[in-house]
Amino acid sequence: MKFGHFDDAAKEYVITSPKTPLPWINYLGCEDFFSLVSNTCGGYSFYKDAKLLRLTRYRYNNIPYDSNGHYYYIKDGDTIWNPGWMPAKTELDSYQCRHGLGYSVFEGSKNQLSAELTMFVPMGNTCEINKLTLTNHGSEHKEISVFSYVEFCLWNAMDDMTNFQRNFSTGEVEIHGSALYHKTEYRERRNHYAVYAVNTQLAGFDTDRESFLGAYGENSAPEVVINGTSKNSVASGWSPIGSHHIKVSLAPGESKSFVFVLGYVENPVAEKWDGPAENGCINRKPAEELLKRFDTTEKADAALAELKEYWNNLLNHFTVSSSEEKLDRMVNIWHQYQCMVTFNMSRSASYFESGIGRGMGFRDSCQDLLGFVHLIPDRARQRILDIASTQFVDGSAYHQYQPLTKKGNADIGSGFNDDPLWLIAGTAAYIKETGDYSILDEITPYDNDESKSTDFMEHLRRSFNYTRTHLGPHGLPLIGRADWNDCLNLNCFSEEPGESFQTFGPSEGPNAESVFIAGMFVKYGKDYVEICKHKGLEEEAKEAEEAIVSMEKTVLDAGWDGEWFLRAYDHYKQKIGSKECDDGKIFIEPQGFCVMAEIGLKEGNCLQAMQSVEKYLDTKYGIVLLQPPYHKYHVELGEISSYPPGYKENAGIFCHNNPWISIAETVVGRGDRAWQVYTRTCPAYIEDISEIHRTEPYVYSQMIAGKDAPNFGEAKNSWLTGTAAWTFLDVSQYILGIRPDYDGLVIDPCIPSTLSGFTAKRDFRGVTYHIQVKNPNGVQKGVKVLTVDGAIADGNMIPFDPSKKEVTVEVIMG
Ligand code: BGC
Ligand code: NOJ
């Protein structure tokens, strides 16, 4: 069952019922100002950091689930309704929500009046624009009222939800004409405030929540809206809101538009004075400049057109055209869009991440780069250096950092032993995409301490060496607190049965080892070798190569279980992910990574591991993380077995590592299977089962309930997942096979035998490649002939030639 449809020409998903199984959201903003907006106008805004500078308030776990947002109430006679249906929930005569790239449009109509509300964050500005157009489709004149409503957050979202003894007395506002200013904190900080304004005269306003809603009132039926008259309330403490009242008269057939702007304003640094002018009144100048930029419909429309143009240009760097409509739609639009969002948000703010928990993840952000780097390489470069600045001198790293300060999060600390290697992964992707080796020379601090700085190459060296020098009894890498699988906490041992895993156990231990990290070490170690060679560090490259060869041997000796790769050894040196185990006999992660690293490729281990995945882990909705699930809690394994069977890391379909298997299948040349794995979790391919899948059909979710869960097939944690980057990598670089490499572009498709070919356009280091792939014999992999500008090439790598601007490539598979 579907709740809407894709509109590929407009690059939108069109939701046709407000009652989607869960809120289906979109992200506005791709620079510093962001808003989350659901298909019923729920959501909130923040500047740079969802925890520290939150503009509007949202209540997670609310009842109903999604009932605070940026709302517009229309009062037409006695009928009160909202263009996005919520929160009044008045049945609409028509409803549509179009989520586009960085904007959302809500179209509602009731009693021959239609409202079109367009929400977006204009490029280069720190505000959200809400353009509201009202049209009278009836034959009678209409006199209506519009009430806007946002509830301000007192900036620090965590404090806002907890510190009521203080917060009920700090709220302050100012009102100037049609602009409502929220200035809580201005008294002591004086460097930021919010403004919410509209480009027309007001009939009234409210800034105090209780005055607007009424005592014991709720936002589904605010007292002010019911009475049709604002109270002109001026908030003092309690809960400041912003509500404008405008009166609109519409002749039959007439339309009127209004532009509302919700802005974040930062005073110039010089304004951080300690003797305020005008008794603590805000400096309105920067706000007025901001508002002036959008004070007409034409200006707002131009800003929207600019945003669309921006996205069209970005997405134009990589496009595909094939007989598979859904593939084209995902590659050309939604994969790349989700990559941008995950790059911006890391795992901080979604409808499942509250914005106050996690900031930027070291591991997560490095992986997000893999799918983002072709879009805006400069931002990827800066991100790499920011991430590296949170590394410790020994090569280990803070697991998370706060986007605003870019400082490592000391509460979480370090000890996730896969982290250092992800830095090599992200850097290798950046260099392959750009050819820019100068990043290696950037002087970069450790732990954000300038006095502890080296060049960036040294950071990579310490990353590589961290793994190399932290090996356990079998010579495999020590796992530390966890590797990619946050919940496999093998150093959580206890002599006291029944204790909770969080309350004891060292984060490091001398025994617990990870085969997964070994796979990473081999895969990304090879990139490290390439980078050393490029720097002329031959000796170092040789030593690194030896360490890699030795690790491969160790994996085959101590990390192979007969039919698949083992997962780990625990603190007691017991095998994890082995046929000898009762539960958790086989895990997905080492199968993906060891095969991507080509460990035992010649010896047949890789093919065998893939066959085992298919045999033991496959389901119709995707590949589960492990089998059988842990049926009881194991203190020595940590969080993993705290989940009921079939959820999350305990045998859920963790979408993130499905593309690892799809890529691994291309390594062994099985294009049909790589494709099957790709399509099984791919949003566009499962749109028809939205009532089962439940999350947005245009983006990935972190997890789909596995076959051991009662709700098999139900997804959770949409949007912020490494799945975005990895699936784009999978489909673009391994299935379509257009893969940047150090010296040029490799073309190596591995496609289903039923696909007769495709064409693609790929910008690479400023050169545009027009690629046509033909598959006349229905093979799954293999390039028989590759011609570059008409000349037959040697092999399937097109050396980068900066003297060209356009290159035509023809590939005959066979
Ligand atoms: C979740 C993991 C997540 C971790 C983040 C765990 O509870 O199961 O998926 O990575 O929290 O801290
Ligand atoms: C989600 C986390 O963001 C990611 O870092 C981790 O690898 C996976 N969960 C698996 O535990």
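FYI, it's all coordinate maths here, none of it is from the lab. Worth saying up front: this structure is predicted, and the values here are computed from it rather than measured. Positions of Cβ are generated from backbone atoms using ideal geometry, with glycine treated the same way; all protein chains shown enter the neighbour counts.
Applying a 10 Å radius around every beta-carbon, put 38-45, 612-619 in order of their mean neighbour count, most first. Let's see the in-between values first.
Details: 38-45: 26.5, 612-619: 18.8.
Put in order of decreasing packing, that is 38-45, 612-619.
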Built amide H within the under 5 Å cut-off of W155, gap 5+: R54
Sequence-distant residues sharing a close amide H with F764 (under 5 Å, placed H): Y769
In Hz, Karplus ³J(HN,Hα) per residue of segment 103-117 (6.51, -1.76, 1.60; θ = phi - 60°; x = Gly, Pro): 8, 9, 10, 10, 10, x, 9, 7, 6, 6, 10, 10, 10, 10, 10
Around D455: net Lys/Arg minus Asp/Glu count, Cβ-Cβ under 15 Å: -1
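What does the charge count near Y643 come to, summing +1 for each Lys or Arg and -1 for each Asp or Glu among other residues with Cβ under 14 Å from its Cβ?
Working: positive: K632, K648, K716; negative: D486, D583, E639, E649, D708.
Here the charged neighbours net out to -2.
Tell me the mean residue ellipticity at 222 nm calculated for the chain from its helices only (DSSP H runs of n ≥ 4, each -39500 (n - 2.57), averaged over every residue, nearest 500). Could you put the intermediate results ahead of the total?
Values: 20 runs with 207 residues, N = 814.
Rounded to the nearest 500, it is -7500 deg cm²/dmol.
Please report, in debye to the nearest 20, how large the charge dipole of the chain is about its Cα centre when each Lys and Arg carries +1 at its beta carbon and each Asp and Glu carries -1 there. Kindly include the intermediate steps, with their values, before the conclusion.
On the way: 77 positive and 110 negative charges, 207 e Å.
Roughly 1000 debye for the chain.
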Fewest-first sequence of F352, F587, F3, F654 by Cβ atoms within 10 Å of each Cβ: F352, F3, F654, F587
Span from the segment 440-478 Cα centroid across to the segment 599-619 one, whole angstrom: 32
log₁₀ of I(q)/I(0) at q = 0.08 Å⁻¹ - the chain, Debye sum with one point per alpha carbon: -0.72
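Using the structure shown, select from K131/K183; K110/K231; K51/K183; K11/K308; K407/K648 the pairs with a Cα to Cα distance greater than 21 angstrom. Numbers along the way, then the final one.
Numbers: K131/K183 24 Å; K110/K231 26 Å; K51/K183 18 Å; K11/K308 10 Å; K407/K648 29 Å.
With Cα atoms farther than 21 Å apart: K131/K183; K110/K231; K407/K648.
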Amide H within-cut-off set for M703, under 5 Å, with H built and near neighbours excluded: C655, K716
Karplus-derived HN-Hα couplings along segment 731-745 (A = 6.51, B = -1.76, C = 1.60, θ = phi - 60°), whole Hz, x at Gly and Pro: 6, 7, 9, 10, 6, 5, x, 9, 10, x, 9, 4, 9, x, 9
Unit charges at the beta carbon, dipole of the chain: most positive-side option, G480, G509, M119: M119
Of all DSSP beta bridges in the chain, antiparallel share, percent nearest 5: 95
For segment 340-352, 3J(HN,Hα) per residue [Karplus equation, 6.51 cos²θ - 1.76 cosθ + 1.60, θ = phi - 60°, Hz, x = Gly/Pro]: 4, 5, 5, 4, 5, 9, 6, 10, 7, 10, 8, 7, 10
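Net charge near S354, counting Lys/Arg +1 and Asp/Glu -1 over other residues with Cβ under 14 Å of its Cβ? Spell out each step's value before the answer.
Values: positive: K51, R54, R57, R59, R347, R358; negative: D49, D66, D159, D160, E353.
Residues near S354 contribute +1 overall.
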Kirkwood Rh in Å, taken over segment 316-442 so that all alpha-carbon pairs contribute: 15.5
